[in-house]
Each structure stands twice: as structure tokens, then as C-alpha cells.
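To keep things clear, I will list the structure first and then write my remarks on it.
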Amino acid sequence: MKTYPLLLVVSLVCPSFGFAQSAPQQPLSVHAWRQSQQTNTADAYTYSRFTLNGTFLSGPRDGVVDRPALVVNCIPGDESPRGRAAFLTGNLIVGSALKIAYIEPEEIRGISFFPKVAVRYRTDDKKSDVDEQWSPRSDDISASIPRHSLKEILRAHSVTITAQDDQGKQVAMRFDMPDPTIVEQGCNVDEH
């Protein structure tokens, strides 16, 4: 009978299938800056977008499914006329309509009022919060982060940001901050 050589071959080959399996892939870090390239067709230039997702501690009233995000846009050095990276914008994207207050600036008296979103943030669980007025974006679901605030946020290990939705309900978000090097170098955030 010729079944013995076939059994011998099968018994030698089958154990090797266990060794041929690849190691399980490690999941991508949830707390990492994702970089993508965007194009501004109106002005014909390309810019880098760095995105970091956070989590809602207390979500907006309309039950937004998306997570909050920090988004930083920059012109790469090879696209910049000065030959070095340039910061464009920093944005907090909430995904739900934010409460917008109209604030009279201290320098101007009269009927000049500017739309602002009241924001409170705390870095690295410090005892004191920072209260600021950020400009809302045209979509009313996000706000522009001033450069000085973005610098502080980037260098933290964790950031908690609170604002109010358009009905006055507090929306709290937490961001676990990864290494900021890719954003700082890609955006030249420290440049004045």
C-alpha cells in the first residue's frame, strides 16, 4: 500500500502550517497625529493637515456620533515662499453647533461686536483653568485656536476643553496629547 508515504508527508507538512502564520498586527495608536495633504484650489497651493481625535466627557445635546478633533493646517516648507513651514490655522472641531456670544472689543467703542466662543481648557490636570474667547468658524461647529493657546496645548500630555453648545449645555472634551514634534516641525508653530 502507498498510504504510508502519503501519511508521512501529511504529518510532516501539517505542523509547518502553524509556523507560517504571521504575527498579529499591532493596532494603530488612537492617540497619534494623522497627517494628510490637502489642496486649496482657490489659491492653488497644497498644505498639510494634522488631526488628533479626542473623546467627549460630556457630549453635545444632539448626540453627535463623531469624536471631537484638533486640526492644525500648515504650509510645508517646500510650498512656502519663504522656504520654511508656515502655520495656517488651528481648529477645535466639536461637530455640534456652539454657543456664540457677540463681544465688544476693548479698543473700539460703539456698535462693533465680534462673534466669540467661550472656551475653558486645562492642561495636564493643573489646578487652574484658562478661560479664553476663540473665534467661531463659519460652520458654527468648530472654533479657531489662537497660536499661543495651541503652543501650550501641543506641549501638554492631556488637555480638557469645555465649551457650550447652542442651547447652553456644557460640552467637555479630552485629548491625550502624543509627541508634538511632527506638528511643531511641520508647522513651525514657534515662529512669530
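Only one of the numbered conditions (1) free of Cβ contacts under 8 Å to residues at least 12 places away in the same chain; (2) open to solvent by less than 50 Å² (accessible area, probe 1.4 Å) is not met by Phe113, and that is (2).
Can you tell me which residues in the range 53-87 are charged (D, E, K, R) and either over 18 Å from the mean Cα position of the chain (by Cα) or modelled with pLDDT of 80 or more (or both)? Correct list: Arg61, Asp62, Arg67, Asp78, Glu79, Arg82, Arg84. Of everything in the range 75-101 that is touching a Leu at 6+ places or on another chain (Cβ under 7 Å) and touching a residue at least 40 places away in the same chain (Cβ under 8 Å), the residue that is surrounded by the most Cβ atoms within 10 Å (Cβ to Cβ) is Leu92.
Across the range 121-149, which residue is surrounded by the fewest Cβ atoms within 10 Å (Cβ to Cβ) among those that are touching a residue at least 24 places away in the same chain (Cβ under 8 Å) and either in contact with a helix residue (DSSP H, G or I) (Cβ under 9 Å, 6 or more places away or on another chain) or hydroxyl-bearing (Ser, Thr, Tyr) (or both)? Per the criteria, the residue is Ser144. Of all the residues in the range 35-62, those that are among the hydroxyl-bearing types (Ser, Thr, Tyr), farther than 15 Å from Asp78 by Cα and surrounded by 13 or more Cβ atoms within 10 Å (Cβ to Cβ) number 2. Within the range 112-126, identify whether any single residue is of a type in the set (Phe, Trp, Tyr) and modelled with pLDDT under 95, and answer yes or no. Checking the range 112-126: at least one residue is of a type in the set (Phe, Trp, Tyr) and modelled with pLDDT under 95.
Could you list, in sequence order, all residues of the range 158-183 that are open to solvent by 80 Å² or more (accessible area, probe 1.4 Å) and farther than 19 Å from Thr51 by Cβ? Within the range 158-183, Gln167, Lys169, Gln170 qualify.
The values are calculated or read from the model by the stated rules, or taken from the named source; none is laboratory data. What you are looking at is a predicted structure, and each value in this text was computed from that prediction instead of being measured. Glycine also receives a Cβ, built like all others from the backbone with ideal geometry; neighbour counts cover every protein chain displayed. To get the accessible areas, we keep the full protein, side chains included, count just its heavy atoms, and leave off ligands, DNA and RNA. Shrake-Rupley method; radii C 1.70, N 1.55, O 1.52, S 1.80 Å.
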